[in-house]
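Working notes, beginning with the structure itself.
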Amino acid sequence: MLGRLFRKDPAAALASQRGAALYGCAVAQARLPAFYRAGGVPDTLDGRFELVALHTFLLLHRLKREGEAGSVLAQAMVDSMFADMDASLRELGAGDLGVAPRVKRMASGFYGRIAAYEAGLAGSDAELGEALRRNLYGTVEPDPAALAGVAGYLRAAAAVLAEQAGAALLAGAARFPAPGSRN
């Protein structure tokens, strides 16, 4: 009887595993040097966080089409993201008392970025460029060509993800286009 109380829900464990796999896809894409070289994204903690947030947003944007299963997986992916952020802050030497407020600020900022990128994707190239300028390039003034290139990549990545089978995404697998791809 006590075993049932402390047993993990197999569906929740599977969603957590698949959410972590999708988050891993976002992180792997965000680490590609082309974003920092040709894209002009600052190769700093802030710049790296911004690229991870951008790619996580792209996956969240796509998972909306998958109904309840997509929502469960999206939450598991976001949980993985912030568990990783927590661990990273601790590795960088943040004390226990400082980690929670920092992660809370990061989460608040992340949800703001989601809204900005959603509006940018739905809007004009100028609106998308402004969302990227404020967030991805928040600490530097981007080269206009680099900004346009990343905006084009963002639209191309959303299109590539839209074409991927929902079953593959729900299984924890996603493919992004190469940096520099444009629609």
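The values are calculated or read from the model by the stated rules, or taken from the named source; none is laboratory data. Computed from a prediction, not measured in an experiment: that's the story for all the values here. Please note: Cβ atoms are built from the backbone with ideal geometry, for glycine as well, and neighbour counts cover all protein chains shown.
Whether a residue is within 20 Å of residue 46 (Cα to Cα), aliphatic (A, V, I, L, M) and surrounded by fewer than 20 Cβ atoms within 10 Å (Cβ to Cβ) was assessed, and residue 158 does not pass this test.
Candidates 108, 71: the one that is farther than 13 Å from residue 53 by Cα, within 16 Å of the chain's Cα centre (by Cα), modelled with pLDDT of 75 or more and surrounded by fewer than 15 Cβ atoms within 10 Å (Cβ to Cβ) is 71. When the residues of the range 78-105 are filtered to those that are modelled with pLDDT of 75 or more and out of contact with any Leu (no Cβ under 9 Å at 6 or more places or on another chain), the one that is farthest from residue 49 (Cα to Cα) is 79. Residue count for the range 52-68, restricted to those that are farther than 19 Å from residue 150 by Cβ and either of a type in the set (D, E, K, R) or surrounded by fewer than 15 Cβ atoms within 10 Å (Cβ to Cβ) (or both): 5. Taken together, 119, 115, 145, 126 contain a single residue that is without any contact (Cβ under 8 Å) to a residue 24 or more places away in the chain, exposed (fewer than 13 other Cβ atoms within 10 Å of the Cβ), of a type outside the set (D, E, K, R) and within 19 Å of residue 74 (Cβ to Cβ), which is 115. Applying the criterion of being of a type outside the set (Asp, Glu) and not in a helix (DSSP H, G or I) to the residues of the range 42-58, the residue that is modelled with the lowest pLDDT is 44. Taken over the range 161-183, the criterion of being surrounded by 17 or more Cβ atoms within 10 Å (Cβ to Cβ) and assigned to a helix (DSSP H, G or I) is satisfied by 161, 169, 170.
Listed by first and then second residue, the pairs with beta-carbon distance under 7 Å, at least 6 apart or on different chains, first residue in the range 165-183 and in contact (Cβ under 8 Å) with a residue 60 or more places away in the chain and within 17 Å of residue 23 (Cα to Cα), second surrounded by fewer than 13 Cβ atoms within 10 Å (Cβ to Cβ) and of a type in the set (Lys, Arg), are 166/65.
When restricted to residues that are more than 14 Å from residue 150 (Cα to Cα) and surrounded by fewer than 21 Cβ atoms within 10 Å (Cβ to Cβ), the range 26-51 contains 9. Considering only the range 116-128, I want to know if a residue exists there that is under 12 Å from residue 55 (Cα atoms) and out of contact with any Asp or Glu (no Cβ under 7 Å at 6 or more places or on another chain). Yes, because at least one residue in the range 116-128 is under 12 Å from residue 55 (Cα atoms) and out of contact with any Asp or Glu (no Cβ under 7 Å at 6 or more places or on another chain).
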